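The values are calculated or read from the model by the stated rules, or taken from the named source; none is laboratory data. Bear in mind the structure is a predicted one, so any value in this text is a computation, not a measurement. These accessible areas exclude ligands, DNA and RNA; they are computed on the full protein's heavy atoms, side chains included. Shrake-Rupley method; radii C 1.70, N 1.55, O 1.52, S 1.80 Å.
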Amino acid sequence: AGGIAALFGVLLVLPAIFSVLPVTWQDTINKYLPSNAGQAALSVRLDPTMLAPWTGMLLFAGYVVVAVAAAAIVLKRRDV
């Protein structure tokens with residue numbers, strides 16, 4: 001339940017929270033969110049408001065590494 005809540009929180013709620021920021025901040029922050037970084041990695045045409053494809057892929061992979069490391073630490077501490 002916690003993993004599903006975190007997934008939907010990061011992918012759906014976090015962009016909605018950042019949408020209330022000023023537009024200049026939105027343009028800076030939104031391209032580094034996981035959904036936009038993954039979309040930049042899969043895009044065919046380059047969009048100047050998004051990251052480059054390899055940069056998006058590396059950032060998205062970084063999010064995955066952090067999530068797996070956090071899960072491993074929590075599993076190691078809580079599992080009996």
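Quote the relative contact order of the chain in percent (integer), defining contacts as alpha-carbon pairs under 8 Å separated by 6+ residues.
On the way: 49 pairs, mean separation 16.2, N = 80.
Averaging sequence separation for qualifying contacts and normalising by length gives 20 percent for the chain.
Express in Å², to the nearest 10, the accessible area of Phe18 obtained by rolling a 1.4 Å probe over the protein heavy atoms while all chains stay in place.
50 Å²
Could you state the accessible area per residue of the chain in Å², with a 1.4 Å probe and every protein chain left in place?
79 Å²
I'm checking a number: the convex hull volume of the Cα atoms of the chain, normalised per residue, in Å³. What is it?
Once divided by residue count, the hull of the chain is 100 Å³.
Can you give me the % of accessible surface on the chain that is carbon or sulfur? Probe 1.4 Å, all protein chains present, nothing else counted.
73 percent
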